[in-house]
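Here's the structure, in structure tokens; my notes come after.
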Amino acid sequence: MKIALMDSGIGLLPAAAAVRRLRPDADLVLSWDPDGMPWGPRTPEDITERAIAVAEAAAAHEPDVLIVACNTASVHSLPAMRARLEPRLPVIGTVPAIKPAAAGGGPVAIWATPATTGSAYQRGLIERFADGVTVTEVACPGLADAVHHADDEAIDAAIASAAARTPDDVTTLVLGCTNYELVAERIRAAVQRPGRPPLVLHGTAGAVAAQALRRIGVEPAPEATTADTTLTVLLSGREATLPDTALSYDEGRFLRAVSPVR
């Protein structure tokens with residue numbers, strides 16, 4: 001079994017780690033685009049061009065399924081990627097976790113890239129799943145790029161800016177960019193208000209990993225052997241190893257520990 005994941009940057013690490021925990025026996029292909037980072041400020045047409053190139057680099061390794069572990073690419077490019085790759089390669093998108101967040105009653109804040117915030121796709125999800133719930137969309141310029149580069153000072157500044165624009169009464173926060181899941185606890189600490197109930201965070205890594213297995217008719221088997229599994233890393237189409245920035249995060253260190261890079 002071979003499972004591929006693509007993103008603009010290292011935001012695919014949480015979903016990759018979730019896949020590895022569900023199926024330790026699966027080979028993984030991680031494809032991202034350091035040459036084109038960040039995608040958030042790009043036009044939808046440019047995002048789609050970059051996303052298709054990154055997806056096709058992964059598809060060349062003949063995986064059984066491709067996870068688009070990127071909210072921005074899913075919002076703007078999923079139909080084009082599916083038209084290009086399916087049915088020979090199932091494509092799993094990443095949808096901001098608005099439905100489960102709104103089920104708690106809110107108020108809800110959605111942190112996302114500028115390209116996702118205010119998009120017709122995200123607004124449609126809010127209208128469909130959060131009717132009657134107070135939802136605040138919070139654009140986080142620079143945060144995805146700072147996480148990708150493991151720039152702690154820039155991460156703290158971007159989180160502080162977004163937290164200052166998040167209403168004090170928010171009970172639930174949607175991490176609408178996969179990169180943000182790598183710094184989830186730093187986000188929680190910045191948004192949690194004294195005397196308020198513990199903030200609920202909603203990411204997507206576990207859900208998309210489980211959906212990818214369902215799509216190819218495979219059950220989770222966390223006890224499966226890890227012998228001879230491989231990890232292929234593609235950086236803008238070039239085979240490489242996990243960069244030091246990826247190893248700054250628990251998920252990257254976990255993947256390196258359990259999967260030798262081919």
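The values are calculated or read from the model by the stated rules, or taken from the named source; none is laboratory data. Remember, it's a predicted structure, so these values are computed and weren't measured experimentally. For neighbour counting, all protein chains shown are included, and Cβ atoms are generated from backbone atoms with ideal geometry for every residue, glycine included. The protein model used for the area step is the full one, side chains on, heavy atoms only, and it has no ligands, DNA or RNA in it. Shrake-Rupley method; radii C 1.70, N 1.55, O 1.52, S 1.80 Å.
If you take every residue apart from LEU201 with its C-beta less than 10 Å away from the C-beta of LEU201, what net charge results, scoring Lys and Arg +1 and Asp and Glu -1? Local charge sum for LEU201: -1.
Want the number for ASP156 to MET1: 0.36 nm per residue separation, take away the alpha-carbon distance, what's left? List each step's numbers first, then the result.
Values: separation 155, 0.36 × 155 = 55.80 nm, distance 3.87 nm.
Result for the pair: 51.9 nm of gain on full extension.
Projected over all directions and averaged, the alpha-carbon convex hull of segment 123-181 occupies 4.4 nm².
Net charge of the neighbourhood of VAL108, taken over other residues with C-beta under 13 Å away and scored Lys/Arg +1, Asp/Glu -1, is -2.
Please say if segment 164-224 is rounded, prolate or oblate, where rounded means a/c under 1.5 for a ≥ b ≥ c the square roots of the C-alpha gyration tensor eigenvalues, and otherwise the choice is prolate for a/b larger than b/c and oblate otherwise? It is prolate, given that a/c is not under 1.5 and a/b is the larger ratio. Counting only protein heavy atoms, what percent of the accessible surface of segment 203-258 is carbon or sulfur at a 1.4 Å probe? That fraction is 50 percent.
Debye-formula intensities of the chain, expressed as log10 I(q)/I(0) at q = 0.08, 0.11, 0.13 Å⁻¹, are -0.29, -0.55, -0.78 (one equal scatterer per alpha-carbon, no solvent).
For segment 83-180, trypsin sites (Lys or Arg not before Pro) meeting the loop criterion (DSSP other than H, G, I, E, B) and having at most 14 other Cβ atoms within 10 Å: ARG88, ARG165. Remark: the chain carries a charge dipole of roughly 560 debye about the Cα centre, counting +1 on each Lys and Arg Cβ and -1 on each Asp and Glu Cβ. For segment 27-69, a Kirkwood hydrodynamic radius built from all Cα pairs, placed in the Stokes-Einstein relation at 25 °C and 0.890 mPa s, yields a translational diffusion coefficient of 221 µm²/s. The calculated Kirkwood hydrodynamic radius for segment 1-87 is 12.9 Å, given to one decimal from all distinct C-alpha pairs.
Compute the signed sum of charges (Lys and Arg +1, Asp and Glu -1) over the other residues within less than 15 Å, Cβ to Cβ, of ARG123.
Values: positive: LYS99, ARG128; negative: GLU127, ASP131, GLU137.
Charge balance near ARG123 sits at -1.
Within segment 19-117, none of the GluC sites (Glu not before Pro) combine a DSSP coil assignment with at most 16 other C-beta atoms in a 10 angstrom radius. In the full protein context, segment 56-169 carries 42 Å² of accessible surface per residue, based on a 1.4 Å probe and ignoring ligands, DNA and RNA.
Calculate the FRET efficiency for ARG165 and THR226 from the Cβ-Cβ distance with a Förster distance of 41 Å, rounded to the nearest 0.05.
On the way: r = 43 Å, r/R0 = 1.05.
Efficiency computed from Cβ-Cβ geometry: 0.45.
Using a cutoff of 8 angstrom between alpha carbon atoms and counting only pairs six or more residues apart, the relative contact order for segment 114-262 works out to 18 percent. Globularity index of segment 111-262 is 1.20 (Cα radius of gyration / 2.2 N^0.38 Å, N = number of residues). Taking square-rooted eigenvalues a ≥ b ≥ c of the alpha carbon gyration tensor, is segment 191-262 rounded, prolate or oblate, where a/c under 1.5 means rounded and, failing that, a/b exceeding b/c means prolate? Here segment 191-262 falls in the oblate category. If the segment from GLU86 to ALA120 were pulled out straight at 0.36 nm per residue, it would be longer than the present Cα-Cα gap by 9.8 nm. Loop-located GluC sites (Glu not before Pro) in segment 176-262 (DSSP state other than H, G, I, E, B) with a sparse environment of at most 11 neighbouring Cβ atoms within 10 Å: GLU223.
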